[in-house]
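Participant: Below you will find the structure I want to go over with you.
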Amino acid sequence: HVAIKTMIAAIGQDPELRQRFLREAQSGARVAHQNIVTLYDFGEDQGRLYMAMELLQRSDLKDLIKDLDLPLAAKLDLMEQVCDALAAAHALDVVHRDIKPANIHVQPNNQVKIVDFGLARLGASEMTKTGMVMGTPHYMSPEQVKGERADVRSDVFSLGAVFYELLANRKPFEADSLHAVLFQVMQNEPEPLLNLVPDVPPLLAQVVERAMAKDSTQRFRDAGELRDAMRQ
């Protein structure tokens, strides 16, 4: 049994969207890792683009975050698996650019699977136009909000935002409107983790908060370095 992803005819003729679909397939095919959804095949059939990929069970991290009884050890295990997957992608110069709980699937055996490389950038290639904002507002890095080029450190910021939410059960940047969320990402520091979850180890709080530094040069260099810091 596999999952088949296709483009509906109404949008399948848009050249840019077709290119983005193919880029997702290329990104998925390029990175083989136990924590990234497996892509078996992709191509075109009767004018319709398709991808055949691993069929996943259970739910995504968005649902697990609501589980207030999830112990810290289980959260750390999930975080390490996510970092390990992105480290493999970053080592191949693949930037996901849309890391969020809904794109982090958790199997019944608690194995993480990262999905949806639809916004991914392969190496030096850049499909988006200058100034185009791409990503999901609550998890976007400041440079993505400004429409600047996203690199592996942009994924690190998104990872920090996801891990913050997993630990605190609330998003680091919350507001009543999209514009207000984007302003917070650009200008405001989130509430310190230790204020919200006093029993989180202080060193872990420091790691998550460093990942969300506004200045990308102050973050971890990539997901691998973030993973190593978390393991320590």
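The values are calculated or read from the model by the stated rules, or taken from the named source; none is laboratory data. Model, not experiment: these values are computed from the prediction. So basically every Cβ, Gly included, is an ideal-geometry build from the backbone, and we count neighbours across all protein chains shown. Surface areas here come from the heavy atoms of the whole protein model, side chains and all, with no ligands, DNA or RNA. Shrake-Rupley method; radii C 1.70, N 1.55, O 1.52, S 1.80 Å.
Participant: If each of ASP69 and THR38 carries a label point 7 Å out from its Cα toward its Cβ, how far apart are those two points in nm?
Facilitator: Spacing of the two 7 Å Cα→Cβ label points: 3.3 nm.
Participant: Still on this model: Shape verdict for segment 138-212, please, from the Cα gyration tensor: rounded (a/c under 1.5), prolate (a/b greater than b/c) or oblate.
Facilitator: oblate
Participant: How much solvent-accessible surface does HIS179 expose, in Å² to the nearest 10, with a 1.4 Å probe and all protein chains in place?
Facilitator: 150 Å²
Participant: Keeping the other protein chains in place, figure out the carbon and sulfur percent of the accessible area of the chain, with a 1.4 Å probe.
Facilitator: C and S atoms contribute 50 percent here.
Participant: List, in the order given, every pair from LYS113/LYS171; LYS62/LYS146; LYS75/LYS171 whose Cα-Cα distance in the structure shown is over 19 Å.
Facilitator: Violating the 19 Å Cα-Cα cut-off are LYS113/LYS171; LYS62/LYS146.
Participant: Okay, helix-only estimate at 222 nm for the chain: each DSSP H run of n ≥ 4 adds -39500 (n - 2.57), divide by all residues, round to 500 deg cm²/dmol; what do you get?
Facilitator: Computed ellipticity for the chain at 222 nm equals -12500 deg cm²/dmol.
Participant: Rounded, prolate or oblate: which fits segment 1-93, taking a ≥ b ≥ c as square roots of the Cα gyration tensor eigenvalues, rounded meaning a/c under 1.5, else prolate when a/b beats b/c?
Facilitator: Judged from the Cα gyration tensor, segment 1-93 comes out prolate (a/c at least 1.5, a/b above b/c).
Participant: Test of understanding: in a Gaussian network model of the chain with alpha carbons linked when under 10 Å, which of SER27, SER158, SER59 would top the mean-square fluctuation ranking?
Facilitator: SER59
Participant: While we're on this one: With a ≥ b ≥ c taken as the square roots of the eigenvalues of the C-alpha gyration tensor of the chain, please select rounded if a/c is under 1.5 and otherwise prolate if a/b is larger than b/c or oblate if it is not?
Facilitator: It is prolate, given that a/c is not under 1.5 and a/b is the larger ratio.
Participant: Can you give me the accessible area per residue for the chain, using a 1.4 Å probe, in Å²?
Facilitator: So the chain comes to 48 Å² accessible per residue, rounded to a whole number.
Participant: Rank these residues by their accessible area, most exposed first, probe 1.4 Å: TYR139, TYR50.
Facilitator: I get TYR50, TYR139, largest accessible area first.
Participant: Also, I was wondering about something else. If DNA, RNA and ligands are ignored and the probe is 1.4 Å, what is the ranking of THR38, THR136 by accessible area, most exposed first?
Facilitator: In descending accessible area the options line up as THR38, THR136.
Participant: Also: Which distance in nm do the two modelled labels at LEU196 and LYS62 give, with both placed 7 Å along the Cα-to-Cβ direction?
Facilitator: For LEU196 paired with LYS62, the spin-label model returns 1.8 nm.
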